[in-house]
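Chemist: The structure that follows is given in the form of structure tokens.
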Amino acid sequence: MKGRTAKAVSQQLDDAGIVAASLADPEAFGELFRRHAPRLHAYIKRRLGCTLADDLVAEAFATAFRQRGRFDGRSEFAAWLWGIASNLIAKHHRQETRMYRAFARTGVDPAEDGLAELVSERMAAAAYGPRLAKALASLSAQDRGAVLLLAWGELSYAEIAAILELPLGTVKAKIHRARTKLRKALPGEENDG
């Protein structure tokens with residue numbers, strides 16, 4: 001009964017409230033996992049592949065749980081969590097670069113999990129994937145991180161700035177620079193040739 005009551009209470013709290021409640025009742029932290037893990041997992045999977053995604057999501061939440069007493073509420077919990085995950089991803093950036101280079105060479109997306117996708121999406125990925133992967137591998141780790149947080153993480157510029165601990169203008173410049181480089185790697189829809 002106590003567990004059900006704690007779960008019901010945690011479902012009514014905002015993220016910062018759950019972090020605070022988890023200091024007295026560690027099980028409350030599970031609600032944060034339920035809220036944020038699917039989106040974070042999807043993003044990390046696209047960045048580093050299936051194998052590392054499971055491990056890094058678990059590691060990000062374990063780190064957040066261990067450090068929850070340090071969470072001061074000045075930023076959103078999601079930005080804090082994604083910051084932790086981004087730091088973990090940075091540790092694996094060499095693996096990510098190798099993954100994109102392999103994709104560029106082979107045309108086989110290492111993040112593909114085998115589920116059937118729409119034929120048009122597969123054809124577009126087959127046509128543009130290797131060139132896009134090569135262009136992504138050529139970006140600096142921070143520029144790549146910023147543009148992928150926007151594209152695959154579906155985060156706002158402000159959220160990206162908080163995660164990367166950079167000024168908003170710097171994030172916008174990094175994303176603009178990365179997009180320009182990526183556009184050059186892919187043929188234009190109307191301006192090809």
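Chemist: With a point put 7 Å past each Cα toward its Cβ, work out how far Glu59 is from Asp25 in nm, to one decimal.
Modeler: With each label placed 7 Å out from Cα toward Cβ, I get 3.2 nm.
Chemist: Please give the contour-minus-distance gain from Gln12 to Leu168: 0.36 nm per residue of separation, less the Cα-Cα distance, rounded to one decimal in nm.
Modeler: Values: separation 156, 0.36 × 156 = 56.16 nm, distance 3.16 nm.
Gain in length upon complete extension: 53.0 nm.
Chemist: Follow-up question, since we're still on this one. Excluding ligands, DNA and RNA, what is the solvent-accessible area per residue of the range 125-186 at a probe of 1.4 Å, expressed in Å²?
Modeler: Roughly 51 Å² per residue, with all protein chains present.
Chemist: Related question: At 7 Å along Cα-to-Cβ for each site, give me the label-to-label distance between Ala151 and Ser75 in nm.
Modeler: It works out to 2.3 nm between the two label points.
Chemist: Still on this structure: Report the trypsin sites (Lys or Arg not before Pro) located in the range 48-80 that are in a DSSP loop and have at most 12 other Cβ atoms inside 10 Å of their Cβ, or state none. Show your work: numbers first, answer last.
Modeler: On the way: sites: Arg66, Arg68, Arg70, Arg74; in loops: Arg74.
Counting only loop positions with at most 12 other Cβ atoms within 10 Å, the trypsin sites (Lys or Arg not before Pro) in the range 48-80 are Arg74.
Chemist: If I model a spin label at Arg34 and Ala185 as a point 7 Å from the Cα along the Cα→Cβ vector, what separation in nanometres do I get?
Modeler: With each label placed 7 Å out from Cα toward Cβ, I get 3.9 nm.
Chemist: How large is ³J(HN,Hα) for each residue in the range 133-145, as worked out from phi by the Karplus curve 6.51 cos²θ - 1.76 cosθ + 1.60 (θ = phi - 60°), to whole Hz, x for Gly and Pro?
Modeler: For the range 133-145, the Karplus-derived couplings read 4, 4, 5, 4, 5, 7, 6, 5, 4, 6, 5, 4, x Hz, x marking Gly and Pro.
The values are calculated or read from the model by the stated rules, or taken from the named source; none is laboratory data. Quick caveat: nothing in here was measured; it's all calculated off a predicted structure. Positions of Cβ are backbone-derived with ideal geometry, glycine not excepted, and every protein chain shown enters the neighbour counts. SASA here: full protein model, heavy atoms, side chains in, ligands and nucleic acids out. Shrake-Rupley method; radii C 1.70, N 1.55, O 1.52, S 1.80 Å.
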